[in-house]
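Below is one structure, written out as structure tokens, with a few remarks after it.
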Amino acid sequence: MQKTENPEDITSSGVVKLRTDSISAGISIKEGVLNVENNIRVLLVEDEENMRELIKIAFKKENFDTIEAIDGKQGLNLFKMNGADIVILDIMLPEIDGWTVCREIRKVSNVPIILLTARGEEFDKLFGFELGADDYLVKPFSPKELIARVRALMRRAEIKINDSAPCFKVGDIVIDRLSREVTANEKEISLTNKEYELLCFLAANPKIVFTREQLLLKVWGYEQYGDPRTVDTHIKKLREKLGDYSSYISTMWGVGYKFEVPK
């Protein structure tokens with residue numbers, strides 16, 4: 001594991017600056033496939049001691065390697081020095097809040113991030129997803145549910161997008177799987193990881209209606225514990241970003257969603 005010589009690299013505002021060449025997480029890429037080490041290395045950033053201990057005990061039973069941080073500043077420093085396979089991140093943190101930590105990590109890494117919060121309002125979820133979080137868990141929650149979500153995200157990290165063409169076009173939308181870039185009418189669309197994966201899956205399976213439960217399984221990897229509203233939230237944000245091309249994603253009322261280029 002590569003480490004930096006200067007763990008303290010902090011801006012005047014107190015935000016730790018991260019550099020892509022200083023991070024070596026447990027996920028590696030070989031011949032286009034993501035490979036994950038045997039033991040999942042988790043960075044747990046949580047200031048509540050009881051909650052932190054509860055999660056640590058559950059993770060230990062699953063043979064997860066847990067790195068602890070009690071505030072946002074320490075969390076960024078530990079991520080910079082050690083990397084991680086997945087980040088469990090509380091939002092209400094001292095020093096630097098979880099929103100900022102998520103934003104700073106996402107600037108340099110696509111590591112899966114699960115946000116923890118006592119607030120379950122839709123605005124908070126939308127904001128977290130917009131920052132690049134992969135999942136959002138409202139306290140109180142079962143440790144089993146957290147473990148299930150961790151494993152689901154790690155399964156997604158191991159899966160190779162299994163289409164022959166690295167780049168394909170649907171209508172005026174072009175999806176480049178190698179660079180993970182999406183353009184519409186030659187204009188780049190900035191998507192979060194999950195928005196990209198959702199669009200990629202739907203576009204690769206046009207004219208097929210998928211239920212929310214099917215999308216949770218195919219895109220999020222959830223066989224259980226998934227909240228169907230997570231799909232609705234991501235579809236809403238995805239449509240907003242697609243703008244004039246939002247009509248490519250149709251709502252099949254009472255069933256789910258379908259991707260189809262209008263005639």
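The values are calculated or read from the model by the stated rules, or taken from the named source; none is laboratory data. These figures come from a predicted structure and were not determined experimentally. Ideal geometry is used to build each Cβ from the backbone, glycine not excepted, and the neighbour counts take in all protein chains shown. For the accessible areas, the whole protein counts, side chains as well, though only heavy atoms, and no ligand, DNA or RNA atoms are used. Shrake-Rupley method; radii C 1.70, N 1.55, O 1.52, S 1.80 Å.
I need the full set of residues from the stretch 173-192 which are part of a loop (DSSP other than H, G, I, E, B) and either modelled with pLDDT of 90 or more or under 30 Å from Arg41 (Cβ atoms) (or both), in order please. Explain how you work it out, then say what you get.
If we filter the stretch 173-192 for residues that are part of a loop (DSSP other than H, G, I, E, B), which is where we start, we get 177-180, 185-186, 190-192.
Matches in the stretch 173-192: Arg177, Leu178, Ser179, Arg180, Ser190, Leu191, Thr192.
For the stretch 140-165, a residue qualifies if it is open to solvent by 30 Å² or more (accessible area, probe 1.4 Å) and modelled with pLDDT under 80, and the qualifying residues are Arg155, Arg156, Glu158, Ile159, Lys160, Ile161, Asn162, Asp163, Ser164, Ala165.
The residue of the stretch 193-227 that is modelled with the lowest pLDDT, among those that are open to solvent by less than 60 Å² (accessible area, probe 1.4 Å), touching a helix residue (DSSP H, G or I) at 6+ places or on another chain (Cβ under 6 Å) and in a loop (DSSP other than H, G, I, E, B), is Gly226.
Of all residues in the stretch 107-130, those satisfying the criterion of being assigned to a helix (DSSP H, G or I) and surrounded by fewer than 19 Cβ atoms within 10 Å (Cβ to Cβ) are Lys107, Val108, Glu122, Phe123, Asp124, Leu126, Phe127, Glu130.
Taking the stretch 228-259 as the range and being open to solvent by 60 Å² or more (accessible area, probe 1.4 Å), part of a helix (DSSP H, G or I) and modelled with pLDDT under 90 as the test, only Arg229 passes. Residue-level check: of (1) more than 18 Å from the chain's Cα centre (by Cα); (2) farther than 28 Å from Pro228 by Cβ; (3) part of a loop (DSSP other than H, G, I, E, B), Phe141 misses just (2).
Within the stretch 77-106, the residues that satisfy the criterion of being hydrophobic (A, V, I, L, M, F, W, C), surrounded by 19 or more Cβ atoms within 10 Å (Cβ to Cβ) and not in a helix (DSSP H, G or I) are Ala84, Ile86, Val87, Ile88, Leu89, Ile91, Leu93, Ile96. Taking the condition of being under 19 Å from the mean Cα position of the chain (by Cα) and among the charged types (D, E, K, R), how many residues in the stretch 44-96 meet it? So the count comes out to 4. Selection of the stretch 14-65 for residues being modelled with pLDDT of 50 or more, crowded, with 19+ Cβ neighbours inside 10 Å and assigned to a strand (DSSP E or B) yields Arg41, Val42, Leu43, Leu44, Val45.
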